[in-house]
1. Please specify each residue of region A:52-98 satisfying the condition of being of a type in the set (A, V, I, L, M), in contact with a Pro (Cβ under 7 Å, 6 or more places away or on another chain) and more than 23 Å from residue A:163 (Cα to Cα).
2. Mind telling me which of the residues B:290, B:281 ends up being touching a residue at least 24 places away in the same chain (Cβ under 8 Å), within 9 Å of chain A (Cβ to nearest Cβ) and either among the aromatic types (Phe, Trp, Tyr) or surrounded by fewer than 24 Cβ atoms within 10 Å (Cβ to Cβ) (or both)?
3. Go through A:182, A:152, A:162 for me and flag whichever is within 14 Å of the chain's Cα centre (by Cα) and of a type outside the set (Ser, Thr, Tyr).
4. Given the condition within 19 Å of residue A:326 (Cβ to Cβ), out of contact with any helix residue (DSSP H, G or I) (no Cβ under 7 Å at 6 or more places or on another chain) and hydroxyl-bearing (Ser, Thr, Tyr), answer yes or no: does some residue in region A:110-118 qualify?
5. Go through (1) loosely packed, with under 15 Cβ neighbours inside 10 Å; (2) within 10 Å of another protein chain (Cβ to nearest Cβ); (3) part of a loop (DSSP other than H, G, I, E, B) one by one and return the number of the condition residue B:65 breaks.
6. Of (1) under 18 Å from residue A:323 (Cβ atoms); (2) not in a helix (DSSP H, G or I), residue A:90 satisfies all except one. Which?
7. Looking at (1) touching an Asp or Glu at 6+ places or on another chain (Cβ under 7 Å); (2) surrounded by fewer than 19 Cβ atoms within 10 Å (Cβ to Cβ); (3) among the small types (Gly, Ala, Ser); (4) within 13 Å of chain A (Cβ to nearest Cβ), which one does residue B:255 not meet, given that it meets all the others?
8. Go through (1) surrounded by fewer than 19 Cβ atoms within 10 Å (Cβ to Cβ); (2) in the same structural domain as residue A:153 (by TED's automatic domain parsing); (3) not hydrophobic (A, V, I, L, M, F, W, C) for residue A:422 and report which single condition fails.
Amino acid sequence: MGAVRHITSSPSRRDVLRGGALALAAMAGASVSGCASGADDGAAAGGPVTIELWHGQTDVGREAIERLVADFERAHPDIKIDTGGGVLADAMLQKVTAALAAGSYPDIAYIFGSDLANVARSPQVVDLTDMMSSGPTPWTDYWAPARAAVTLGDKIKAAPALLDSLAVVCNKKVFSAAGVDLPKEGWTWQEFTETAKRLTDKGSGTFGTGWPGTGDEDTVWRMWPLIWDLGGDVIAPGGREIGFATTGERALEVVRTLVGDASVYVDPKPGSEQMYKVFLAGRMGMVITGPWQLPDIVGAEIDYHVVPLPSFSGKPITISGPDTWTVFDNGEARVKAARTFLAWLMQPEQDVRWDVEAGSLPLSKRTQSLPAWSKQVEKTEGLSVFVKTLETARVRPNDPAYPHVSKALGEAVVAVLLGKSTPAEALSACAAKANTALRVPR
Amino acid sequence: MSRLPTPITVADRAPERPGKPSARRPEHRPRRGLTLRRHEAVTAWAFVSPAVLIIIGLSVVPVVWSLLLSFQADDLVTPSVWVGLDNYRALAEDPGFGQAVRNTLLYTALYVPLSVGLGLALALVLNRRIRLVGLYRTLFFVPFIISATVQGTLFSFILDPEFGAANSVLHALGISPQGFLSDPAQALFVLVGITLWSGTGFCVVVYLAALQDVPPSLIEAARLDGAGRWHLLRHITLPTLAPISVFLVLWQTISALQVFDLVYVTTKGGPLGATTVIVYFIWEQAFKNFAAGYGAAAAYVLALALLVVGVGLRAVRSRERRRLEGATS
């Protein structure tokens, strides 16, 4: 955030010191590069190659990836992995963009699937098509959403890193207190809104459900399963218009019903942490979430039940938002090392450890069949429901204009959540904005 | 850069006798002096060059680079395309930028007079000999040293519409719950309130320091002439504080036009763009919408506005000074 301000204000002391170091490094780099270009990849000297990994993880995720990296380094003494750089995944896009602009970028970064289309426009992003199609696990053995998230056109531009899907987690205690039966697979959005209404209890401050209210991607991606179910799409064929001009209104009606019944907690803070806190505190009956939330729910000792998302049509459908490991080109030796590491990381033996420890769903069916995963499914209530939904999960399109569509729909959802617009008004404002953005040549 | 300082060095190794200038060969003097001076200039530049490099690298280059960026369509990822003034034309037509400008101006128009006015009032009160005045002064200054991120998080908790302390207090008073930061009609005013809580302390401290410089003799003379408290304030204190007031207005205006971190932490520009200020707009363009060139153009519009404010206030101040000098001479 300082970068923008510093355009107009004077740099702070820390920036000056950091900049001084950079300037010196740049001067040193300039003098060195003349005689030994590419020497920094370590290969020329015959020593181990060091690659930089920006994993973006915190807490359990960081511990899991660091343990895996340590094991990899033991098995591959010729490759060293530096995991010290980067930022948390939420801010990774900004950091990687700045790094690319500066010409000093990591070898592997954890990029959200919805950002990949824009990042992959960089010529520095390494094409992984050959590596993926010739790996020990056949490419078709990976879950369809995992494959779709990293495929742009006919090229595989990244490796799937984490797989998830949305389903509804119910707090059994809230349901029994309200005398409401737990929902079953195949339920409808109408049943969802009715259940939410019955679970709401103003007196005890209990909400039927929750929705992130800042208009960011977390507000938006919950809408796509409704739109897909109604036959709509994110972007219409041809790419010049939104694909939900006719179906969006009915999807937004669901949100409006929740607001009208006062059965939805609208989280006003960025990050949606507050919404999950309300659920964990036993003040929310149902929350639409992914498998990553289960460890916290188990930790809060909540007696819970997981059901697939409701639908309009009765056909099961959900959204998956896979994250990716994107590789950047820092010279042949480092690209080779990065490929070696990712190929190793994606194999079922490693994938299952990552899934169990960091809360991902198995990337491939081969991982799913391992005993370690079966044990995890037995141990964790509802995990099997999330895995099963992968069969009907879709992913957002890899389109560089997606952030604009997402922003416009985010504003529409917030306008309805705050009761400022009707679904029809919100949708027409959204269509005007998003269509303008879609017509900009990219 | 101004002239380099004269180094304190021995001018010549050969001992000079001040009483005998004729002992030197006059034809050698200018040439030797020139070599020496050049030598000293080289040494001096060697000493200042790290600082010069840092200033050029961190101030001049980014300013020029972002100016060039503002004439390009650049997403920081792919090679850029020169588009001339297109980014600026698009800005003029962008309703999002218009809203950001309106929000920023409203924020500034509220924050600057309120913080400076409140700061002056509190400083006048705290300038008296009252018990525990040191404690009060500290308490007013404490919020200023809290970072904007911490303030944002703190107030997000207090002002949470469902579970916050503010609404439970209002409930106890029989007032209906408010949306605060989640209500588009209130959010910007709530942000002004939060920054006033922290920013007023700075004005208080600066005014308190300035109040020590009001000449006691002038006050005494005015008192003898029968001036009351209001007249003392109007004709003695306020004119003496005028340069400080100009400084504070300039300073607070610049910080108000640049507000970003609080917005980033509390509302992310929402709800419905109600708190999207210019710097947040720039950040959003550059790092969320992959339109760095467009963002740079918006940044230059802001920089130009800041320049106009700065130069304008400087002109006002120098005219004031001339007027005062004219009056006293």
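1. Answer for region A:52-98, where residues must be of a type in the set (A, V, I, L, M), in contact with a Pro (Cβ under 7 Å, 6 or more places away or on another chain) and more than 23 Å from residue A:163 (Cα to Cα): just A:79.
2. Selected residue: B:290, the only one of B:290, B:281 that is touching a residue at least 24 places away in the same chain (Cβ under 8 Å), within 9 Å of chain A (Cβ to nearest Cβ) and either among the aromatic types (Phe, Trp, Tyr) or surrounded by fewer than 24 Cβ atoms within 10 Å (Cβ to Cβ) (or both).
3. On the way: A:182 fails: within 14 Å of the chain's Cα centre (by Cα); A:152 fails: within 14 Å of the chain's Cα centre (by Cα).
Answer to the check: A:162.
4. Scanning region A:110-118 turns up no residue that is within 19 Å of residue A:326 (Cβ to Cβ), out of contact with any helix residue (DSSP H, G or I) (no Cβ under 7 Å at 6 or more places or on another chain) and hydroxyl-bearing (Ser, Thr, Tyr).
5. Condition not satisfied by residue B:65: (3).
6. (2)
7. Evaluating residue B:255 over (1) touching an Asp or Glu at 6+ places or on another chain (Cβ under 7 Å); (2) surrounded by fewer than 19 Cβ atoms within 10 Å (Cβ to Cβ); (3) among the small types (Gly, Ala, Ser); (4) within 13 Å of chain A (Cβ to nearest Cβ) leaves (1) as the failure.
8. (2)
The values are calculated or read from the model by the stated rules, or taken from the named source; none is laboratory data. Only a predicted model underlies this, so the values are computations on that prediction, with no experimental measurement involved. All Cβ positions, glycine included, derive from the backbone under ideal geometry; neighbour counts span all protein chains shown.
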